[in-house]
1. Which residue, of 93, 131, is in contact (Cβ under 8 Å) with a residue 24 or more places away in the chain, under 30 Å from residue 211 (Cα atoms) and open to solvent by less than 60 Å² (accessible area, probe 1.4 Å)?
2. Assess whether residue 269 counts as being within 20 Å of the chain's Cα centre (by Cα), farther than 27 Å from residue 101 by Cβ and open to solvent by less than 60 Å² (accessible area, probe 1.4 Å).
3. For the range 175-182, check the following and say yes or no: at least one residue is out of contact with any His (no Cβ under 8 Å at 6 or more places or on another chain) and farther than 28 Å from residue 133 by Cα.
4. Can you name every residue in the range 112-128 that is surrounded by fewer than 24 Cβ atoms within 10 Å (Cβ to Cβ), at negative phi and either basic (Lys, Arg) or not in a helix (DSSP H, G or I) (or both)?
5. Would you check which residues across the range 144-169 are within 16 Å of the chain's Cα centre (by Cα) and either touching a residue at least 40 places away in the same chain (Cβ under 8 Å) or open to solvent by less than 30 Å² (accessible area, probe 1.4 Å) (or both) and list them?
6. Residues in the range 183-198: is at least one crowded, with 18+ Cβ neighbours inside 10 Å and either in contact with a strand residue (DSSP E or B) (Cβ under 8 Å, 6 or more places away or on another chain) or farther than 24 Å from residue 299 by Cβ (or both)?
7. Name the single residue, out of those in the range 76-90 being of a type in the set (A, V, I, L, M) and under 15 Å from the mean Cα position of the chain (by Cα), that is surrounded by the most Cβ atoms within 10 Å (Cβ to Cβ).
8. State which residue is farthest from the chain's Cα centre (by Cα) when the search covers only the range 170-179 and only residues that are surrounded by 18 or more Cβ atoms within 10 Å (Cβ to Cβ) and not aromatic (Phe, Trp, Tyr).
Amino acid sequence: MASRHNFACSAMAALLFSAAAAVVSAQLSTDFYDETCPDALDIIESAVRAAVFKESRMGASLLRLHFHDCFVNGCDGSVLLDDTTGITGEKNAQPNKNSLRGFEVVDDIKAQLEASCEQVVSCADILAVTARDSVVALGGPTWDVELGRRDGTTASLDAANNDLPPPTSDLGDLIKSFSDKGLTETDMVALSGAHTIGQARCVNFRGRLYNETNLDASLATSLKPRCPNPTGDGDDNTAPLDPATSYVFDNFYYRNLVRNKGLLHSDQQLFSGGGSADAQTTAYASNMAGFFDDFRDAMVKMGGIGVITGTSGQVRVNCRKVN
């Protein structure tokens, strides 16, 4: 009876969160800057394309910044804040330290926007648009980004340590982490497809590499030289999350999973032989258009988590510090 009660409470909480997110999303609009900063989207797109052309990996880094922002107290740009005497930022949280990248690209975009339309475009909106433009630059789908977020004035190291699902997560942990943010299991599986681009550090896949049996043998053999045992050696060495098409946004992530080629433990949980995510993962592996459709919908939904709008918060002049 207790388990049924807990499930019912969790389901009700998710419904209430979704309803609240829908209300907030209604306060955002795709044409928010059309009059106040008409060149904003062109400026961001141009800068993202230049950054990705210079370093293909940057696309994944910018996409990840948006995810790590939204999952920690909402999409408010808090992930960009540096530590100060009054604020402990999120950059040194365990999931972020020596891992998050792209801050200089955001700085450059913000400087260009300030020159074009002073204190109009928020840092939170920059992250939302750069995520979309990064996916497009690497061959993925596009979508209309809802805009009008304001920037937060605080950050939370504790929330960053607790709310971002670690790479050791089991399927149930992943479902709960996303449900806590108002996202469904379908959203979670689709958003995980962001791992079709990007890299992971050895420290985050060493446990799977040496302790799990459902890892393709040839992949394991290729990984061991760059991620040796014991712990400590090569922690920061990286490997592609999708070794097949590392810098193309496609459905090869799912095609890898059905062949037991998921790099992270949490990745392979989406296809484990009987798990609740197996069918969706299998469908995406053979239907890239279906994955793209669900991914774009889930990105819009994620972009509405806990946003600040109206006169709340602020529009930072410098994304690294509050005004």
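1. 93
2. Values: within 20 Å of the chain's Cα centre (by Cα): yes; farther than 27 Å from residue 101 by Cβ: no; open to solvent by less than 60 Å² (accessible area, probe 1.4 Å): yes.
Answer is no for this residue.
3. yes
4. Residues of the range 112-128 that are surrounded by fewer than 24 Cβ atoms within 10 Å (Cβ to Cβ), as a first pass: 112, 114-120.
Checking the rest, the ones that are also at negative phi come to 112, 114-118, 120.
Across the range 112-128, the qualifying residues are 117, 118, 120.
5. If the condition is that a residue be within 16 Å of the chain's Cα centre (by Cα) and either touching a residue at least 40 places away in the same chain (Cβ under 8 Å) or open to solvent by less than 30 Å² (accessible area, probe 1.4 Å) (or both), then 145, 159, 160, 161, 163, 164, 165, 166, 167, 169 are the ones that fit.
6. yes
7. The initial filter retains those residues of the range 76-90 that are of a type in the set (A, V, I, L, M), namely 79-81, 87.
Narrowing further to those that are under 15 Å from the mean Cα position of the chain (by Cα): 79-80.
On the way: 79: 31, 80: 29.
Checking each candidate, the answer is 79.
8. 171
The values are calculated or read from the model by the stated rules, or taken from the named source; none is laboratory data. As the structure is a prediction and not an experimental result, all values here were calculated from the model. Positions of Cβ are backbone-derived with ideal geometry, glycine not excepted, and every protein chain shown enters the neighbour counts. SASA here: full protein model, heavy atoms, side chains in, ligands and nucleic acids out. Shrake-Rupley method; radii C 1.70, N 1.55, O 1.52, S 1.80 Å.
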